[in-house]
1. When you look at B:Ile167, is it more than 14 Å from every other protein chain (Cβ to nearest Cβ), closer than 19 Å to B:Ala474 by Cα and part of a strand (DSSP E or B), yes or no?
2. Could you tell me which numbered condition A:Ile291 fails, if it satisfies all but one of (1) part of a loop (DSSP other than H, G, I, E, B); (2) crowded, with 23+ Cβ neighbours inside 10 Å; (3) hydrophobic (A, V, I, L, M, F, W, C)?
3. Return the residue satisfying two criteria in turn: it lies in the stretch B:144-157 and is of a type in the set (D, E, K, R) and touching a residue at least 12 places away in the same chain (Cβ under 8 Å), and of such residues it is farthest from B:Gln102 (Cα to Cα).
4. Out of A:Ile469, A:Ile498, A:Ile476, report the one residue that is of a type outside the set (Ser, Thr, Tyr) and surrounded by fewer than 24 Cβ atoms within 10 Å (Cβ to Cβ).
5. Tell me which residues, restricted to the stretch A:631-640, are farther than 15 Å from A:Val682 by Cβ and either within 14 Å of chain B (Cβ to nearest Cβ) or among the hydrophobic types (A, V, I, L, M, F, W, C) (or both).
6. For B:Gly65, state whether it is over 19 Å from B:Thr139 (Cα atoms) and of a type outside the set (A, V, I, L, M).
7. Does A:Phe367 satisfy the criteria of being over 30 Å from the mean Cα position of the chain (by Cα) and buried (at least 16 other Cβ atoms within 10 Å of the Cβ)?
8. Please work out if B:Ala587 is within 13 Å of chain A (Cβ to nearest Cβ) and either crowded, with 22+ Cβ neighbours inside 10 Å or more than 31 Å from the chain's Cα centre (by Cα) (or both).
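The values are calculated or read from the model by the stated rules, or taken from the named source; none is laboratory data. This structure is a prediction, so every number in the text was calculated from the model and none was measured. As a convention, Cβ positions derive from the backbone with ideal geometry for all residues, glycine included, and neighbour counts pool all protein chains shown. SASA here: full protein model, heavy atoms, side chains in, ligands and nucleic acids out. Shrake-Rupley method; radii C 1.70, N 1.55, O 1.52, S 1.80 Å.
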There are 2 protein chains.
Amino acid sequence: MRKKIAKFFLIGWLILSVVGAMSAQEKNATALQTARRNLMPVPANVNWKDGRLPVTKSFIVAVKGQTDERLKSYIFRVMRRMEGRTILEFTRELSSDAGGAQLLIETQSTGNAIPKLGDDESYNLEITERQAKISAPTTVGAMRGLETFLQLLDSDKDGFYFPAVSIADKPRFAWRGLMIDSARHFQPMEVLKRNLDAMAAVKLNVLHWHLTEDQGFRIQSKQFPELHQMGSDGLFYTQDEAREIIRYAADRGIRVMPEFDMPGHATAWLVSHPEIGSAPGPYKIERLPGIFDPTLDPTNEKTYQLLEVFFKEMSALFPDAYLHIGGDENEGKQWTANHKIQAFMKEKGIKDNHELQTYFNKRLLVFLQKNGKIMMGWDEIFQPDLPKDVVIHSWRGQKALAEAARQGFQGVLSNGYYIDLMFPAWQHYAVDPIPADSPLSADEQKRILGGEATMWSEWVSPETIDSRIWTRTAAIAERFWSPREVNQVDDMYRRLAIVNVQLEELGLTHRKNQLMLLRRLANNQDISALQTLVSIIEPVKEYRRYQQRPQNMLSPLTGLIDAAQADAPNARIFNRTIDEVLLDNSADNAQKVRLMLTEWRDAADKLALVTEKSAALTEAKPLVEDWRNLSAISLEAISYLEKSAAPPAEWRDAKLKTLEEIAKPKAALEFAVLSGVKMLIVAAVEMPNLKDVSPTERRERIRKIAFPSAAANK
Amino acid sequence: MRKKIAKFFLIGWLILSVVGAMSAQEKNATALQTARRNLMPVPANVNWKDGRLPVTKSFIVAVKGQTDERLKSYIFRVMRRMEGRTILEFTRELSSDAGGAQLLIETQSTGNAIPKLGDDESYNLEITERQAKISAPTTVGAMRGLETFLQLLDSDKDGFYFPAVSIADKPRFAWRGLMIDSARHFQPMEVLKRNLDAMAAVKLNVLHWHLTEDQGFRIQSKQFPELHQMGSDGLFYTQDEAREIIRYAADRGIRVMPEFDMPGHATAWLVSHPEIGSAPGPYKIERLPGIFDPTLDPTNEKTYQLLEVFFKEMSALFPDAYLHIGGDENEGKQWTANHKIQAFMKEKGIKDNHELQTYFNKRLLVFLQKNGKIMMGWDEIFQPDLPKDVVIHSWRGQKALAEAARQGFQGVLSNGYYIDLMFPAWQHYAVDPIPADSPLSADEQKRILGGEATMWSEWVSPETIDSRIWTRTAAIAERFWSPREVNQVDDMYRRLAIVNVQLEELGLTHRKNQLMLLRRLANNQDISALQTLVSIIEPVKEYRRYQQRPQNMLSPLTGLIDAAQADAPNARIFNRTIDEVLLDNSADNAQKVRLMLTEWRDAADKLALVTEKSAALTEAKPLVEDWRNLSAISLEAISYLEKSAAPPAEWRDAKLKTLEEIAKPKAALEFAVLSGVKMLIVAAVEMPNLKDVSPTERRERIRKIAFPSAAANK
């Protein structure tokens, strides 16, 4: 599910970019802000009340009902976070005085100590001026309620408080996952732990742990230690560490499902076991990104002998009922080229590679079932005669998912949630596992278990991975938890900015590592101009990074592209401001734009000097040149607008042509402000002629001239 | 050595503040920059040559001689850091082609796998246009050379390179330590590891690990598990973890010396073992900072029975030859109040508590010697008839240290290196373990082994500890390694700023956590005004934090004071700029000051609004009010200066009075720009009358009027 997705997603992106721009015009910003405050994901039912529960240092927590150690530890951690925000110190004792406590937590059962799919995660949260009360059927529900509670903490000049409210909440989907690919780039324990904390903060409940790949075999096998010893460069998780992660996740109400990707994506297996490959080998750990030929040999009994023992070992290690066998992107080249395999197929009447893979999957299924595991795999494993509890993990999209559901299979959606592709949050947010117009019946819909964001790790290091996952994944988490109708983009971004800060208290580095990387790049020079630049540029989308700026799995990920992030914050603000100018060409609005552009111009000039003295920024030079042009063009355009004097058409054509050049990525980075600048250029020419037209009509006309194909698509 | 130091240090501070201001006038900035480039600590001998060794992706490292795994791993890590800075990918193979490699490392011996005091750490580094060569007698010397090498990496528009140079380097002192107090605030493994990396980067070679205190017993004892179980709140290092730290340190050429502080500072021992206390107990883990009464009973044989077994256990765990028994700040109150102890003293002819402590130390000494350990302790253990290999650790100062040396004892200096006191780097930098005017003979001087920076942890959390240690400790590291003559403050600060960025590549959070803390404080508001504020304020010095803003060991360390740091960077710049104005009252210089002041004024106005909406900043309100006044006063002063019109004396008196009020810390924070502002006020009055005086004379006169007592002191 790696390369093929590109084209599909590209089309989606063009369409959505228009929808996104439209939804940016939401009128009810204030109403939503009042209704949703800082909550993310938005609960199923929220009823705001009058009044507030003040927080002082005598804040006491009481528990009632079935309270296990997990819950006590969770409460302990939540209270420490509350201390961090309030600088107040609270007692560490839990009270049993249900009436006197400021926070009362009542659970009816501890639920499963190791979470299971379908666990009851619901909770009620009632806050009055006297007390906050979380009631939940299980410990996990109470955890979810505690995160909501913490998001409600607010303050003003009168102090800290919780607003009075009545919340009845439960998730829309039972499967809300984040896949972390620990194989392409190994991720140390602390990376996993802090991301588990972040997942819990936004109510995600599945860590899908991608452990084997062409580029690495990352889990210790005691049965076949050569697998991790020869397949990992020494970078693997011991079984003790895996258990530590499982425990850590369980303590946060999160399941851990391992993935052992096969029969393709299997080079790292074959380094130590070439005999089970479909070609003779030898094999080396793969260093490049992409789809590779090495494939397990499904016709060799030795393959099954090894896998039977391996799956038994891993089934004992990972308690979750589900085990992901990958199954994606097997192009079968080694199979087609192998005479023995071809003979086997002929003998068994297997007519193509897909059928051969199904044969392989069915053999695996026996091993899994023997160990009490349910099989999960990517779209490719789908085959009508598999048992109906097999879960289809869809990278292909809602259509493929719906088809599986119609045939009685359960499914999980990841198409649309590929956070490694560097799309902005609103695009992921717009994808719904069961869209409003879904053709599925109610029963069929129940088979859509949920979704997973996928952090494929070709281009992430422990320094940058948090910035690739967060905060966009918080928007995806909301999609999985909240009602479908919670889909207002601006308000999502407003709340995302708040989550952004809150995640830092859990040790996440998504935000703070950006300036660190810029400092490293600047060779002891001032980074303010670089900061301005990264606030409006983004890494190229999809899989273009490798095409434009080839590196491999051992390369340093410390370039400007690694400092840049999806969803460039100031680009969004700039494009919005241009939008406002088109509605209201006032001197004030024009001045707002001019201020931004002046900052660009000055920073670009400054940065040109900085790049002269830091070789690590040499690749950014063309980008800086573009930026100077971009600033100059935009300043000219705003001057025309201010004067209400249309420039000649030649001016527009020349500038649009330059813009086309600027639109070509440099150093695999692109300006995220180009749509705004294009609108500005077109507006400079058109606005003077549109004086009699209503503001919205005017803006629409300019948009259509600037983006005729997008408009047509719509 | 905690509270008593305060007064001593205060006097030192007043004197030094003048010296500091004077040395700020160093003339030879450019010469030093050329001579020292980015090197810190400055090597013993450096000879710059013409030419440069370019760095391309085909950079190859070869090794020759005795190369152990430690060295190979060290080279591996250095090359990865070089990749991070250059965004180039280098081969991971070590070459044996000594002639063809760009970097050749030749070691004559691997040296001690676990470092020992006195290990040869010398190295030579020769860089020509063709090759860099590090030659060292031992692996550890090669490590030191590799850090120097990495500091030489530079770049410009022609690419990355190393300048040609010939360096012959070795440390001035053999004992160059950082003490980390893991007891008052427990510090997780990753904090220790990243700080060990940072220590190696600046050539420190001793981690003095303070493991037991009134506030916590942090090391697992298998012989007496109740010690850590009851004395640590569950926050302790297992023996496996201690071994992991020892190994991690050894791999970086760093010794690990444990400290078990006794007989005082021992509350945490007595929680589980009240029977060996000097009062009946019961005891609880101490939560407050300070000096407490609980003391081991030196007259009880049970005390020695336990300690004998304990020291045997710890001696086996910690391979270093030295073991620190603390011994400080035992005020003996429990001893004086205990009739049994008094009777014991009478019977044995022990005349006072100090003698009783010596009796205790001598009993400990037997246990240590039996396990092959050499005793180290704070000043208080000093007693002429102890064996001469006992090491005196001096918190009292150079005088006490010299006295011990004269009597034949070895000593290590920590007075002057108390980084928890929040003094600026230049003050620590000015303290020399053997000052130029030392009265000691050459042989006596040899007994001064070196020094240690001490990170007492009353007020540091894992989030803030790096910012308390670094980068000031890099200046101290230079004091311990480099020749005494390397003492130019401005150039030290220039290089400190470079180290500041380089340490981040090792995972240090000293820099990046500041904005994180400000974001948490701001309750989702813009932090730019807060940033401006923290760039000119500092936490109060010495032990005033607790007096002015009491907290305990369980309190959150997330206030504005925790975000603020010693050595406020913009305060230094501001004070320097005022200095320039006094020398040259040009419109340009005045304008520079005016720009800073305008930024203050605007930020202060903005911040006043921010504090209204964030209760975590309520304590900062008086500070913000002060800031507004400070800005207004300074702007008035600069206006007078610009006009060359002296204000009336009443104006000056009124403003100086206001300044006195502003000088009173608020929220345990103080402005670090007050000396500059005071000079400005005085200058406004005096400058017009000093037109005929030379610039330096003029500045000196103004300084004397502004700071009469400091001038007298000098």
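1. no
2. (2)
3. B:Arg144
4. On inspection, the qualifying residue turns out to be A:Ile498.
5. A:Ala632, A:Leu635
6. Criteria not met by B:Gly65.
7. Taking the combined requirement at face value, the residue satisfies it.
8. Spelling it out, it is not the case that B:Ala587 is within 13 Å of chain A (Cβ to nearest Cβ) and either crowded, with 22+ Cβ neighbours inside 10 Å or more than 31 Å from the chain's Cα centre (by Cα) (or both).
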